[in-house]
1. Across segment 44-58, in residue order, what do the Karplus-derived ³J(HN,Hα) couplings come to in whole Hz, using 6.51 cos²θ - 1.76 cosθ + 1.60 with θ = phi - 60° and x for Gly and Pro?
2. Please tell me which of these pairs span more than 25 angstrom C-alpha to C-alpha: Lys6/Lys212; Lys116/Lys138; Lys10/Lys135; Lys6/Lys174; Lys25/Lys135; Lys128/Lys177?
3. Could you tell me how far the Cα centroid of segment 125-171 sits from the Cα centroid of segment 63-101, in Å?
4. Kirkwood hydrodynamic radius of segment 7-55 from all distinct Cα pairs, in Å?
5. How far is helix 135-146 tilted off the main Cα axis of the chain, in degrees rounded to 10, range 0 to 90?
6. Between Lys212 and residues 5 or more places away or on another chain, which pairs have amide H atoms under 5 Å apart, with H built 1.01 Å from N, and which residues are they?
7. Would you mind checking the tilt of helix 105-114 against the longest principal axis of the Cα atoms of the chain, expressed as 0 to 90 degrees and rounded to 10?
8. Per residue of segment 166-180, in order, report the coupling 6.51 cos²θ - 1.76 cosθ + 1.60 (Karplus, θ = phi - 60°) as ³J(HN,Hα) in whole Hz, putting x for Gly and Pro.
Amino acid sequence: MIQVDKLQKKYKGKVALDIADVTIKKQEIIGLVGNNGAGKTTFLSLVLDLIQPTEGGVFLKDKNVAVHEDWKQYTGSFLDDTFLIPFMTSYEYLEFISKLHGWKKGDLEEFLEENKQFYGDDFLSGKKMIKDLSKGNKNKTGILGAMIGSLDLLILDEPFANLDPTSQQWLRIKIQKLAEQGVTVIVSSHDLQHVTGISSRIIMLEEGVIIKDVANTENTLVELESYFGAKIQEQTN
Ligand SMILES: Nc1ncnc2c1ncn2[C@@H]1O[C@H](COP(=O)(O)OP(=O)(O)OP(=O)(O)O)[C@@H](O)[C@H]1O
């Protein structure tokens, strides 16, 4: 599904990301972890062709994302508020995205009915523009927008942040269901509980380099917590 080939991104000569080679298979749920500045968003931005690599490339279904556009048809993503349209209501935004994917009104209504536990009654029927929504409801709008279309790949940056506990649980179940249906998922998160709760594989970045790439097992959460905990010791010593 995803092939990363000698991917490097430098900002003013300083390496932000340097990944020699990574393959992500269909239906994997990748939990991308790492401290602030580790390179997670840089990696996701390169996969989504939002920034240009200094070297190498990302291939989705064997096609370089920087050269071909096919991947846009089957890739849903939400990295941050810049993906939203601030002067639209949530419904207008989702309707806009659904039209881009060739959905009819009935398709959107069905999608909303299927996912209605994720949003409150007044969330989609309200007249509030996205710019006036709470941070959590903005995130819900972006996450729902990312799930519209014939998804083969879903990419979410910090999706659990600002969501209430019920919505966080809903999202965990939803991501796992999507993977069961054949979707490949990459979730970047600082929330180790959530990320190990859903992922099949954990990739850890540090200073732009992959330092861990392991199957997620029952011990992974404890291992990650002790790894990041040890950083405090290193900093205080
Ligand atoms: N536009 C930019 N110009 C210069 N440096 C940048 C730019 N974007 C990112 N960087 C640098 O690249 C490195 C990786 O940043 P990135 O945002 O990918 O990290 P991250 O793991 O997503 O961090 P966080 O957890 O804080 O979101 C950091 O050193 C950051 O300062």
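Read-outs throughout are calculated quantities, based only on the coordinates presented, and are distinct from any laboratory measurement. Since we're looking at a predicted model, the values are computed, not measured. Neighbour counts run over all protein chains shown; Cβ positions are idealised from the backbone, glycine included.
1. 4, 5, 6, 4, 8, 6, 7, 10, 8, x, 6, 8, x, x, 10
2. On the way: Lys6/Lys212 17 Å; Lys116/Lys138 15 Å; Lys10/Lys135 31 Å; Lys6/Lys174 33 Å; Lys25/Lys135 32 Å; Lys128/Lys177 31 Å.
Exceeds cut-off: Lys10/Lys135; Lys6/Lys174; Lys25/Lys135; Lys128/Lys177.
3. Taking the Cα centre of segment 125-171 as reference, the centre of segment 63-101 is 13 Å away.
4. On the way: mean 1/r = 0.0850 Å⁻¹.
By the Kirkwood definition, the hydrodynamic radius is 11.8 Å.
5. Once rounded, one gets 90 degrees.
6. Met204
7. 60 degrees
8. Result, rounded to whole Hz: 5, 5, 4, 5, 4, 5, 4, 5, 4, 4, 5, 5, 4, 5, 4.
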